[in-house]
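The structure appears right after this line, and notes come after that.
The values are calculated or read from the model by the stated rules, or taken from the named source; none is laboratory data. Source: prediction; values computed, not measured. Using ideal geometry, Cβ is built from the backbone for each residue, glycine included, and neighbour counts are taken over all protein chains shown. Note: areas computed on protein heavy atoms with side chains; ligands, DNA, RNA excluded. Shrake-Rupley method; radii C 1.70, N 1.55, O 1.52, S 1.80 Å.
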Amino acid sequence: MIRNLGESLAARRPAPFPGAVARLRERRRDMQRRMRRYAAFSPRRRSAAPLFAALLPLFCAAALSGRPRFENAAAEAGLLFTLDNHATARKRLIETMAGGVAAFDYDGDGFTDIFFTNGAAGPALVKSDEKFLNRLFRNEGGRRFRDVTAEAGVGGAGYSMGAAAADFDNDGDNDLFVAGVFRNLLYRNEGDGSFADVTASSGIASDRWSVAAGWFDYDRDGLLDLFVVNYAEWSVEEDRFCGDRAANLRVYCHPQYFAPIANRLYRNLGGGRFADVSAAAGIAAHKGRGMSVAFADYDADGSLDAFVTNDNLPNFLFRNDGGGAFEEDALLGGVALLDHGKPVASMGADFRDYDNDGRPDIHVTALSGETFPLFRNEGDGFFSDATFAGGIAKAVADKAGWCNGFVDFDNDGDKDLFTANAHVNDLVERTESYRYAQTNSLLENDGGRFADRSAEAGFADAAAAHRGCAFADFDNDGLIDIVVSSLNAPAELWRNTTATRNHWARFKLVGRRSNRGGFGARVRIGGQWNEAGSAVGYASSSHAGVHFGLGPEAALEEVEILWPSGVRQILRDVAVDRVVTVREPDPGP
């Protein structure tokens, strides 16, 4: 039986539950050490080593079976989509950056649906052909999807980039924002399988090159506000030549040639109206080349903060002062630059606790040779560069990353790391040693350090120009799957086939005084923490509940939820291996 207690309790961090998988891995390592000692003991015993080598995989099967495994099931699932970026000989910079994905349940049937953004044609940036339409695929269950773009009315207009899903009007139906080049779109879910374009009446401007967006309740008034990430000054007429004229080699220009611009913050006024509060909130005072945004309360003051990746400029960390304004603290906080003091081509971001210490950390994707920065939250508003110490730098040295996310794919209680990879420059192989089309990466989390399991996970033979991604349990089997978009190639649906007996729990939050989706709520199970929200990765959105891997834990004595309203709720005796709907307690008068 679940008992909901809307009581205020002192925050605490119990020790994490024992890691069964970690113990199995240690046994495997110990067995390997013993076998090496045995083989080296004497020539006579060394002759038996091949037999032990043959038996070792059988002895270690339990440890190996839990490692994350995936198979691309897009074609058999009917998820037939190809992102068309309308590549031209002029090498327009916008062509490199399309591809956001959103995973969200738009029709409330309990199955997570998928939305893809798409490009547009010609200097007018119009969707002149069906191949340029944004696409919505309804999850029919049974691991099948159906294209419902036309009936839902979300084919879109203009050159689209990013997607952000959330219930902005608190009516119980998930809505959708689409960021694009000089044309943003706000779709209100009508609750009957269709969406209404309410951009014109919403007060949200469309005069900038917007790449991404995210929903969060920065003022804790119960209404989700919108943060729009803008990239740079650019026009369709822009025709700078970059490359080698003598060799007739034209490439995409470096971002340094495009002037940075400010992002925008829109406060939700209710009734479908938004007000641009960028200047008043302090957001407009900082110009960058924004790529993505992620939210978390990194300083534990009760207000959501925003981290923004910038392309070849220092990143932004907007600290929410709780009074409607933000201070930009990235440099002081240690996340503007890596320890070498130089900016990188920051693209995707996730703002989540990867080491189970109760403090949200930050991961960023970047270009080949830039190591995909990992910033560990040390408390007191400071982060340390843990990229090398965490094992990430070596694993991705030759990769260029776009989308990313901390997700527990094997349900062992540690959040693993996925990155969708590809280079920006489609001619990079003619000028550098890097590949353009690249395979994705799966870095397994083993107690706060990451090990590259990409090939074992099934990604070794799937190189493409990957861009956006989203995470959800699309077949409701308790394992988190991945959908990835690629430039001019079929989308990938990576079904999680990990062989594991680990348990799990997923929480669907329903706010009352807080926003309806519970965005910003912090959930704790033992030593694990996770936060509700949908802004994850590069220009993408994952709105599919708050997921926890539980390892061998077959029951949950206590689950703690801190809602944005300030209410602390305790659930007791919670059953596992299921989705648990949790309604925020009425805090009373």
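All conditions but one from (1) of a type in the set (Val, Ile, Thr); (2) touching a Gly at 6+ places or on another chain (Cβ under 8 Å); (3) more than 29 Å from His547 (Cα to Cα) apply to Ile283; the one that does not is (2). Look at segment 87-99: where a residue is more than 25 Å from Phe115 (Cα to Cα) and a partner is in a loop (DSSP other than H, G, I, E, B), sitting 6+ places away or on another chain with Cβ atoms under 6 Å, you get Lys91/Tyr252. Would you confirm, using the coordinates I've provided, whether Gly458 is closer than 22 Å to Ala213 by Cβ and open to solvent by 10 Å² or more (accessible area, probe 1.4 Å)? The answer is no for Gly458. Checking Arg524, Arg516 one by one, the residue that is in contact (Cβ under 8 Å) with a residue 40 or more places away in the chain, outside any loop (DSSP other than H, G, I, E, B) and touching a strand residue (DSSP E or B) at 6+ places or on another chain (Cβ under 7 Å) is Arg524 and no other. You will find that of Val567, Val559, Val576, the residue that is open to solvent by less than 60 Å² (accessible area, probe 1.4 Å), of a type in the set (A, V, I, L, M) and within 24 Å of Gly108 (Cα to Cα) is Val576 and no other. Scanning segment 445-465 for residues that are within 23 Å of Phe375 (Cβ to Cβ) and assigned to a strand (DSSP E or B) yields Asn445, Asp446, Arg449, Phe450, Ala451, Asp452.
Scanning segment 223-249 for residues that are farther than 30 Å from Ser278 by Cα and open to solvent by 50 Å² or more (accessible area, probe 1.4 Å) yields a count of 9. Number of residues in segment 403-439 that are of a type in the set (Gly, Ala, Ser) and assigned to a strand (DSSP E or B) equals 4. When every residue of segment 358-368 is checked against the conditions, none turns out to be open to solvent by less than 40 Å² (accessible area, probe 1.4 Å), in contact with a Leu (Cβ under 7 Å, 6 or more places away or on another chain) and of a type in the set (Val, Ile, Thr).
Of the strands (runs of 3 or more DSSP E) lying entirely inside segment 128-222, those containing at least 3 residues that are of a type outside the set (Lys, Arg) and either over 23 Å from Phe519 (Cα atoms) or open to solvent by 10 Å² or more (accessible area, probe 1.4 Å) (or both) span 135-141, 195-197. Taking (1) more than 17 Å from the chain's Cα centre (by Cα); (2) open to solvent by less than 10 Å² (accessible area, probe 1.4 Å) in turn, Gly468 satisfies each apart from (1).
For segment 306-325, what are the residues that are touching an Asp or Glu at 6+ places or on another chain (Cβ under 8 Å) and either farther than 21 Å from Val523 by Cβ or open to solvent by 10 Å² or more (accessible area, probe 1.4 Å) (or both)? Break it down stepwise before answering.
We begin by selecting, within segment 306-325, every residue touching an Asp or Glu at 6+ places or on another chain (Cβ under 8 Å); these are 316-322, 324.
Scanning segment 306-325 gives Phe316, Leu317, Phe318, Arg319, Asp321, Gly322, Gly324.
Just one of the listed residues (Gly119, Gly78) is on the phi > 0 side of the Ramachandran plot, surrounded by 13 or more Cβ atoms within 10 Å (Cβ to Cβ) and modelled with pLDDT of 95 or more, namely Gly78. Among the criteria (1) open to solvent by less than 30 Å² (accessible area, probe 1.4 Å); (2) closer than 19 Å to Asp355 by Cα, the one Ser485 does not fulfil is (2).
Among the residues of segment 393-445, write down those that are out of contact with any strand residue (DSSP E or B) (no Cβ under 9 Å at 6 or more places or on another chain) and open to solvent by 10 Å² or more (accessible area, probe 1.4 Å). If you could, list the steps in order and put the result at the bottom.
Initial filter on segment 393-445 (out of contact with any strand residue (DSSP E or B) (no Cβ under 9 Å at 6 or more places or on another chain)): 397, 425, 428-429, 432-434.
Result: Ala397, Asn425, Glu429, Glu432, Ser433, Tyr434.
For segment 338-353, filtered to residues that are crowded, with 24+ Cβ neighbours inside 10 Å and of a type outside the set (S, T, N, Q), the residue that is modelled with the lowest pLDDT is Val344. Leu442 meets each of the listed conditions (1) farther than 19 Å from Asp461 by Cβ; (2) part of a strand (DSSP E or B); (3) touching a helix residue (DSSP H, G or I) at 6+ places or on another chain (Cβ under 7 Å) apart from (1). The set of residues in segment 425-451 being at pLDDT below 95 and of a type in the set (A, V, I, L, M, F, W, C) consists of Leu427, Val428. Of all the residues that make up segment 278-299, how many are touching a strand residue (DSSP E or B) at 6+ places or on another chain (Cβ under 8 Å) and either aromatic (Phe, Trp, Tyr) or open to solvent by 30 Å² or more (accessible area, probe 1.4 Å) (or both)? Going through segment 278-299 one residue at a time, the tally reaches 7. Taking the stated definitions as given, is Glu584 surrounded by 22 or more Cβ atoms within 10 Å (Cβ to Cβ) and in contact with a helix residue (DSSP H, G or I) (Cβ under 6 Å, 6 or more places away or on another chain)? Here the answer is no, as Glu584 does not meet what is asked.
Return yes when Ile94 is open to solvent by less than 70 Å² (accessible area, probe 1.4 Å), in a strand (DSSP E or B) and modelled with pLDDT of 95 or more and no when it is not. Judged against the criteria, Ile94 is not a match.
Contact annotation: residue pairs with Cβ atoms under 7 Å, 6 or more positions apart or on different chains, pairing a residue in segment 171-183 that is without any contact (Cβ under 8 Å) to a residue 40 or more places away in the chain with a partner that is part of a loop (DSSP other than H, G, I, E, B) and open to solvent by less than 40 Å² (accessible area, probe 1.4 Å), are Asp175/Asp167; Asp175/Phe168.
When you look at Leu509, is it outside any loop (DSSP other than H, G, I, E, B), touching a residue at least 60 places away in the same chain (Cβ under 8 Å), of a type in the set (A, V, I, L, M, F, W, C) and touching a helix residue (DSSP H, G or I) at 6+ places or on another chain (Cβ under 6 Å), yes or no?
no
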